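Single-structure report; data block below.
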Amino acid sequence: MISEAARADIDRWVEKYPEEQKQSAVMAALRIVQDENGGSITTEMMDEVAAYLDMPPINVYEVATFYSMYEHKPVGKHKLCVCTNISCMLRNSKGVVDHLQEKLDIGFGEVTEDGMFSLKEVECLGACVNAPVMQVGEHYHEQLNPEKIDRLLDELRQES
Ligand code: FES
C-alpha cells in the first residue's frame with residue numbers, strides 16, 4: 001500500500017501538471033513507490049499507482065517495464081549498474097564486470113547473500129568520455145579499474 005508520505009510526495013509531482021494530465025507524474029510516482037519499497041516494485045504497487053493517477057494499469061506497466069531504472073525483483077542495498085555499451089566495451093567493461101562478478105560472487109540480476117549488492121548491466125550512461133563507467137545510486141564512477149572498484153566496494157560496505 002502506498003504510504004501517506006509517498007502520496008504526499010506524488011501529489012507534489014501531480015501539481016506540476018495540468019489537472020487533467022496527472023498521469024504525467026507516473027514516472028515520479030513509480031520512483032517514489034520503488035524507493036519506499038527498498039528498490040523494486042510489484043504488480044500490486046503498479047496497480048495502486050494506476051488507481052492513484054486514474055490511468056489504466058497497462059499504461060503503468062508499459063512505463064515500468066520500458067525504463068531500466070525500475071526493478072521488478074528485489075535488489076541489493078547498493079545497485080551496481082555497469083555500462084557495457086560500445087565506448088565502455090572498448091575500454092574494457094568486460095574486465096569491470098568480471099572483477100565485480102568474481103568479488104561479489106553474483107551475476108547480472110543477482111543479489112549478494114548479505115543483500116548488500118546487486119549487479120545490473122545497463123546501456124550507455126552518457127559518460128563515454130570517462131569509460132568504463134558504473135552508476136551506484138545517484139553517483140557515477142568512471143575510468144574504472146580493479147583498484148577503484150575494490151576501494152568503492154569497501155566504502156559502500158562501511159557506509160552500510
Ligand atoms: S558507452 Fe558507457 S557511458 Fe557511454
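We did not get these values from a lab; they are worked out from the coordinates using the rules stated. It should be emphasised that the depicted structure is a prediction, and the values quoted were computed from it without experimental measurement. All Cβ positions, even for glycine, are placed from backbone atoms using ideal geometry, and neighbour counts span all protein chains on display.
General observations
- Using R0 = 30 Å, the C-beta based FRET efficiency linking residue 114 and residue 143 works out to 0.60.
- Residue-by-residue Karplus 3J(HN,Hα) for region 144-158, coefficients 6.51, -1.76, 1.60, Hz, glycine and proline x: 5, 8, x, 5, 4, 5, 4, 5, 5, 4, 4, 4, 5, 5, 5
- Built amide H within the under 5 Å cut-off of residue 117, gap 5+: 77, 78, 112
- Spin-label pair residue 123-residue 62: with each label point 7 Å from Cα along the Cα-Cβ axis, the two points sit 1.7 nm from one another.
- Alpha-carbon centroids, region 1-55 and region 89-122: separation in whole Å: 30 Å
- Degrees, to the nearest 10: 93-104 long Cα axis against longest axis of the chain: 90 degrees
- Residues with amide H under 5 Å from that of residue 84, placed H, sequence gap 5 or more: 122
- Considering every alpha-carbon pair of region 78-159, the percent of pairs per 5 Å bin, from zero through the bin containing the longest distance, is 3, 17, 30, 29, 16, 5, 1.
- Considering only beta bridges that DSSP places wholly inside the chain, some 55 percent are antiparallel.
- Each residue of region 67-78 was assigned a 3J(HN,Hα) from its phi angle through the Karplus expression (A = 6.51, B = -1.76, C = 1.60, θ = phi - 60°), giving 8, 6, 7, 9, 10, 10, 9, x, 10, x, 4, 10 Hz with x at Gly and Pro.
- Over the chain, DSSP H runs of length four or greater, each weighted -39,500 (n - 2.57), average out per residue to a 222 nm ellipticity of -13500 deg cm²/dmol.
- For region 4-66: rounded, prolate or oblate by the Cα gyration tensor [a/c cutoff 1.5]: oblate
- Vicinal HN-Hα couplings computed from phi for region 115-129 (Karplus, 6.51 cos²θ - 1.76 cosθ + 1.60; Hz; Gly/Pro x): x, 7, 10, 10, 10, 9, 8, 10, 7, 3, 8, x, 10, 4, 4
- For the chain, a Kirkwood radius taken over Cα pairs fed into Stokes-Einstein (4 °C, viscosity 1.567 mPa s) yields D = 76 µm²/s.
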